[in-house]
Amino acid sequence: MKIALLGNPNTGKSTVFNMLTGLRQQVGNFPGVTVDKKQGSIKTPNHTQQLIDFPGAYSIFARSLDEQVVQDVLTNKEHTDFPDAVIYVADAANLERNLLFFSQLYDLGFPILLVLNMWDRAQRKGLRIDIEKLQQQFPAATIVTANARVAIGKDRILQALDQLQNGDRTPFFDLDLTTLQTDSTQTDNTNARLDKLRNIGLVQNAPTTPVNSSTRLDRILTHRIYGYLIFTAVLLVIFQFIFSFASIPMDFIDGQFVRLSAWGAANLPEGLLSKLITQGLIPGIGGVFVFVPQIAILFFFIALLEESGYLSRVVFIMDRIMRPFGLNGKSVVPLLSSVACAIPGIMSARTISDWKERLITILVAPFMSCSARIPVYTLLISLVIPKTYIGSILNLQGLVLFGLYALGILFALGTAFLLRLIVKSGKPGFHLMELPEYKAPRFYNVGIAVYEKVKIFIFDAGKIIVAISVLLWALASYGPSSRETKLNELKVSASYTKASPSQQQELENSLLLSQSYIGHFGKWMEPAIAPLGYDWKIGIALLSSFAAREVFVGSLATIYAVGDDTDNNKRLVQKLRDEKNESGQVVYSLATGASLLVFYVFAMQCMATLAVVKRETNSWKWPLIQLAFMGIIAYLSAFVVYQVLL
Amino acid sequence: MSQTLDSISLHQLVEISAIASSAIAPKLSEMGLTKGQKIKAIFKAPFGDPIAYEINGNIISMRKEEAMQVEVQMA
């Protein structure tokens, strides 16, 4: 049996879901859309059943992507997720409005269990709810009370599920809902239902004002100065964690995978398979797991902010600022998180319920300069930007770095503005939303949210990342047969025989990379990148850094035979400075360096982001469009910068 | 004298007299904004938009263009 868990947003629905299923839950998408579908098995006294958590909705008449899913599934008996019964979670402290959607589901004929959640809160507010009267109005429904935040009501719910009454009933409000198509018929039906619900006289001592503490806090948190200051402070804390503290577990994970590779290389029988495992597969999987700390940290904070009710205040104060760009107050968190890493940023865009606004946010997020660009920026800035001061205070190198970040933000917003005009949308986006009361976050819910995001990333996006990284590894490690001849030529050359053993190794690695398939491809595309000021060596570094931007530095180090570790950064800078082309001019001139910097601001040089966009948009269409338009912007602007500075 | 919800001043209790027909009208009803209900603006976002309203003990946030759909009169 399939049971749907339904209810308005902010009714503690996911807390009920977590209470009933615990960790026995799987997250996926509803077919054809990227809306979270959480599933878990529950054991009632007599049966084991599948519980499906649907997105929060206010009614069966959809106006957002989330609600569209609910409407599509519940009004189509052929749908694979069409439920046999419904658990409806209602906020007892806010009953009449919550019963609207319940009454619609009742009239659609589902066997239904009504859970009056947050029962304690309703009582604290002094509400007197007449359950008997409620039962009289909905005789075919089973009604229980619960307080899921403190795990009260689990047994009552499970027991009641075995005693649900079947679909036959006199409707509460006799109209066939599925025939209501127009705005005005839907509005009329809703109004009439609400009137009927209000006239039952279910609730006495209904509150007429919101809780005082909520409004007092709101005056500060949404204040035109303090509101933004507090939000900035919150962001600084989150960034501090993602930027600095995340590097500790990331380095650890990285180190473990390097050790595993080394162990494999030492213990596996030599051969192609062993190389594939130790050099292709293990580093590829490591490249997936290395993102886990950043994802976990960001979603820990997002879940915390969401649970507490603060996130909707952020949306409230940012909405007006983001709107001209075709974005929404909810786009702020995904975009700002992308400054650390676009991957968790894009994953967090799921909170945007309007599809068009979500898509635009996802498409422009990688323009924000992420932390993987920092090694590239640092290397190139120290290479071509002089260490001078402007007006004796402003460090020019620092100013350029700031400019690169600003350029990213500018293009993210500018592109969003253009996409707003291009991307088609079914229904107009709206803001109308509830500002829930502030609540202490439940760490169990926060933990589950983090666990799920990490799991989704590893299993869904991870596959693509591993596949592409193995492919890139193969292209960089193998080459046409001419490679062996070149290697033998190198080994008898004077520069090689005079070199120390470690230099010999570096020279060999350099030759092997430049003679690999990627190396040949880099040379082949030199005419295409020459107008940007790049030679084939830079071409190779560009190609291999599609794995991740920071690989650019490592690839250059290999090509210039300086050994691939950070201590060699100074040696690399020196080597790059000395590099001359055939006509004797420096290769890494200001023009080429600046052109490369701009290229890295704009280009989608990150397969992991591409994989995540594929997962979050449910098709290859959008990541490929994104790859194309970011590539074109990168190419054109690098071209302009090079030609102007030349 | 009738006004729309976006133009009322803070903390002034008003009564909803009509809701203009539009794509968002059903959503306004679902949030509890129906004819005869009492509502007041309790705080505004910077730039005066969106605006937070209190109705039936809930806080609802609306953009100005959305609030413009709701006609109100002095309670």
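Throughout, read-outs are computed from the coordinates displayed, never taken from laboratory work. Every value quoted in this text rests on a predicted model; they were computed, and no experiment measured them. Cβ placement follows ideal geometry from the backbone for every residue including glycine, while neighbour counts extend to all protein chains displayed.
See the values below:
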{"quantity": "Centre separation in Å (Cα based) which lies between the stretch A:462-496 and the stretch A:309-354", "calculated": "43"}
{"quantity": "Length released on extending from A:Tyr389 to A:Ile409, taking residue separation times 0.36 nm less the Cα-Cα span", "calculated": "4.7 nm"}
{"quantity": "Alpha carbon centroid spacing (whole Å) that separates the stretch A:16-62 from the stretch A:604-642", "calculated": "34"}
{"quantity": "Degrees, to the nearest 10: A:590-602 long Cα axis against longest axis of chain A", "calculated": "20"}
{"quantity": "Per-residue average of Cβ from other chains inside 10 Å of A:217-227", "calculated": "2"}
{"quantity": "At R0 = 51 Å, FRET efficiency that the Cβ-Cβ distance of A:Asp578 and B:Gln3 yields, to 0.05", "calculated": "0.10"}
{"quantity": "Gain on full stretching of the segment that runs from A:Arg169 to A:Glu508 - 0.36 nm per residue minus C-alpha separation", "calculated": "114.0 nm"}
{"quantity": "Förster radius 56 Å - calculated FRET efficiency between A:Thr485 and B:Glu65, Cβ distance, rounded to 0.05", "calculated": "0.20"}
{"quantity": "Summed side-chain charge close to A:Ser371 - residues other than A:Ser371 whose Cβ falls under 12 Å, Lys, Arg +1, Asp, Glu -1", "calculated": "+1"}
{"quantity": "A:Asp195/A:Ile632 FRET efficiency (R0 60 Å; Cβ-Cβ; nearest 0.05)", "calculated": "0.60"}
{"quantity": "Footprinting exposure proxy for A:His431, A:His223 (fewest neighbouring C-beta atoms within 10 Å first)", "calculated": "A:His223, A:His431"}
{"quantity": "Net charge contributed by nearby residues that have their C-beta within less than 12 Å of B:Gln69 (K/R +1, D/E -1)", "calculated": "-2"}
{"quantity": "Cα-based shape type of the stretch A:462-645, given that a ≥ b ≥ c are square roots of the gyration tensor eigenvalues and the cut on a/c is 1.5", "calculated": "oblate"}
{"quantity": "Within chain A: Cβ-based charge dipole about Cα centre, in debye rounded to nearest 20 (Lys, Arg +1; Asp, Glu -1)", "calculated": "840"}
{"quantity": "Built amide H within the under 5 Å cut-off of A:Phe30, gap 5+", "calculated": "A:Val35, A:Lys37"}
{"quantity": "Prolate/oblate/rounded call for chain A, Cα gyration tensor, a/c under 1.5 rounded", "calculated": "prolate"}
{"quantity": "Crossing angle, helix A:396-422 versus chain A [Cα axis fit, 0-90 degrees, rounded to tens]", "calculated": "50"}
{"quantity": "For B:Phe43, residues with placed amide H under 5 Å, excluding near neighbours", "calculated": "B:Ala52"}
{"quantity": "Peptides ranked, highest mean first, by Cβ atoms within 10 Å: ranges A:242-249, A:41-48, A:104-111", "calculated": "A:104-111, A:242-249, A:41-48"}
{"quantity": "Peptide B:44-54 - average C-beta neighbours from other chains (10 Å radius)", "calculated": "6"}
{"quantity": "Inter-centroid distance (Cα atoms) of the stretch B:26-47 relative to the stretch A:89-109, Å", "calculated": "20"}
{"quantity": "Pairwise label distance in nanometres, A:Phe443 with A:Ile152, each label 7 Å out on the Cα-Cβ vector", "calculated": "2.3"}
{"quantity": "Relative packing of B:61-73, A:121-133, A:406-418, A:349-361, which averages over residues the other C-beta atoms within 10 Å, highest first", "calculated": "A:349-361, B:61-73, A:406-418, A:121-133"}
{"quantity": "Shielding of B:15-26 by partner chains, average beta-carbon count, 10 Å", "calculated": "4"}
{"quantity": "Three-way shape call for the stretch A:390-442 based on the alpha-carbon gyration tensor, with the a/c threshold at 1.5", "calculated": "oblate"}
{"quantity": "Long-range amide H partners of A:Asn395 with built H, under 5 Å", "calculated": "A:Ile390"}
{"quantity": "Entries of A:Lys38/A:Lys154; A:Lys275/A:Lys575; A:Lys2/A:Lys330; A:Lys38/B:Lys38 with Cα pairs more than 28 Å apart", "calculated": "A:Lys275/A:Lys575; A:Lys2/A:Lys330; A:Lys38/B:Lys38"}
{"quantity": "Rounded tilt (10° steps) of A:212-221 against the dominant C-alpha axis of chain A", "calculated": "20"}
{"quantity": "Derived scalar couplings ³J(HN,Hα) [the stretch A:550-560; Karplus, 6.51 cos²θ - 1.76 cosθ + 1.60; whole Hz; x for Gly, Pro]", "calculated": "5, 4, 3, 5, x, 5, 4, 4, 5, 4, 8"}
{"quantity": "Derived scalar couplings ³J(HN,Hα) [the stretch A:466-473; Karplus, 6.51 cos²θ - 1.76 cosθ + 1.60; whole Hz; x for Gly, Pro]", "calculated": "4, 4, 5, 6, 5, 4, 4, 4"}
{"quantity": "Net charge of Cβ neighbours under 13 Å - reference A:Arg577; Lys, Arg +1; Asp, Glu -1", "calculated": "+2"}
{"quantity": "Neighbour-count order for A:Met630, A:Met1, fewest beta carbons within 10 angstrom listed first", "calculated": "A:Met1, A:Met630"}
{"quantity": "Phi-based couplings in Hz for the stretch A:362-367 (Karplus 6.51, -1.76, 1.60; Gly and Pro marked x)", "calculated": "4, 5, 9, 4, x, 6"}
